[in-house]
Amino acid sequence: MLISKMTRVSRSNPFYYLTSVAKDRLPVFRTDKIKQLAANAFDEARRSGGILIFAYVIMPDHSHIVTDGEREDSEVLRFMNGISAKRIIDHLKAGEYNTSLLKLREATKKNNYKYSLWEHHPNSFEIYGEDTLMQKVNYIHQNPVRAGLVEKAEDYLYSSARIWNRRPLENEPLLVDIDKIDWR
């Protein structure tokens, strides 16, 4: 269910800046394979939940996303984090990545185990204006540069920086909905 209407950030229609951190800040998203699984899961969550994604970055141990305010931030996080956790944990199980699974394991009743990809206290910040929106988008895009992963934001594959600079790759890992923003 993709949303086709234009949306404007405002006090009555805030956007959300969401940060999700991997359990114990583990660098779960080190490989392109895992980052692509996360990007695919975010796209699946966007389509199934009718969520717009305006900007994103997937770092080795966390992600940032700017999204619309059509749904409550907790609901958006449930979609994004729930689907990505399921896809990545299923991948780790299928590939028998037992060491990685062990790090994500949490004990439950009677020595059964469940796995947790994300910390249970994600951070959400409401955005009410275009200036704050652009501040958050720039912060997201500069995150890999500040971390020393690349010299230029556009060089980091799992980020929307190229799309915002109107130079997307033919096979972008995750398309974003910047053309659905109704600018003042």
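The values are calculated or read from the model by the stated rules, or taken from the named source; none is laboratory data. Source: prediction; values computed, not measured. No Cβ is skipped: glycine too gets one built from the backbone with ideal geometry, and neighbour counts run over all protein chains shown.
Select from the range 122-148 the residues that are under 22 Å from D24 (Cα atoms) and hydroxyl-bearing (S, T, Y) and list them in ascending order.
S124
Would you check if I88 is aliphatic (A, V, I, L, M), touching a strand residue (DSSP E or B) at 6+ places or on another chain (Cβ under 6 Å), touching a residue at least 24 places away in the same chain (Cβ under 8 Å) and not in a strand (DSSP E or B)?
No; evaluated as a whole, the condition is false for this residue.
Would you please name the residue that is farthest from the chain's Cα centre (by Cα), looking only at residues in the range 2-31 that are of a type in the set (A, V, I, L, M) and under 13 Å from G69 (Cα atoms)?
Among residues in the range 2-31 that are of a type in the set (A, V, I, L, M) and under 13 Å from G69 (Cα atoms), the one farthest from the chain's Cα centre (by Cα) is M6.
Of all residues being of a type in the set (D, E, K, R) and exposed (fewer than 14 other Cβ atoms within 10 Å of the Cβ) in the range 104-118, which is modelled with the highest pLDDT? Just the residue, please.
Across the range 104-118, the extreme among qualifying residues is K114.
Just a yes or no: is a residue in the range 58-72 modelled with pLDDT under 95, closer than 20 Å to R11 by Cα and of a type in the set (V, I, T)?
no
So which residues in the range 175-184 are of a type in the set (D, E) and either in a loop (DSSP other than H, G, I, E, B) or touching a residue at least 24 places away in the same chain (Cβ under 8 Å) (or both)?
Across the range 175-184, the qualifying residues are D177, D182.
This table checks each residue for (1) at pLDDT 90 or above; (2) over 18 Å from the mean Cα position of the chain (by Cα); (3) outside any helix (DSSP H, G or I).
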position	(1), (2), (3)
K93	yes, yes, no
L101	no, yes, no
H120	no, no, yes
Q135	yes, no, no
Y139	yes, no, no
V145	yes, no, no
E151	yes, yes, yes
E170	yes, yes, yes
P173	yes, no, yes
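Please work out if A45 is under 26 Å from H141 (Cβ atoms), small (G, A, S), touching a strand residue (DSSP E or B) at 6+ places or on another chain (Cβ under 7 Å) and surrounded by 14 or more Cβ atoms within 10 Å (Cβ to Cβ).
Here the answer is no, as A45 does not meet what is asked.
Could you tell me whether any residue of the range 135-143 is surrounded by fewer than 14 Cβ atoms within 10 Å (Cβ to Cβ) and within 19 Å of V9 (Cα to Cα)?
Within the range 135-143, one or more residues are surrounded by fewer than 14 Cβ atoms within 10 Å (Cβ to Cβ) and within 19 Å of V9 (Cα to Cα).
Are there any pairs with C-beta distances below 9 angstrom linking a residue in the range 16-27 that is in contact (Cβ under 8 Å) with a residue 60 or more places away in the chain to a residue that is acidic (D, E) and part of a strand (DSSP E or B), with the two at least 6 apart or on different chains, and if so which?
Close Cβ pairs (under 9 Å, with a partner that is acidic (D, E) and part of a strand (DSSP E or B)) amount to Y16/E126; Y17/E126; K23/E106.
In the range 127-149, which residues are in contact with a Leu (Cβ under 9 Å, 6 or more places away or on another chain) and more than 14 Å from S63 (Cβ to Cβ)?
Of everything in the range 127-149, just one residue is in contact with a Leu (Cβ under 9 Å, 6 or more places away or on another chain) and more than 14 Å from S63 (Cβ to Cβ), namely I127.
Check whether at least one residue in the range 15-31 is part of a helix (DSSP H, G or I) and hydrophobic (A, V, I, L, M, F, W, C), and report yes or no.
The answer is no; no qualifying residue exists.
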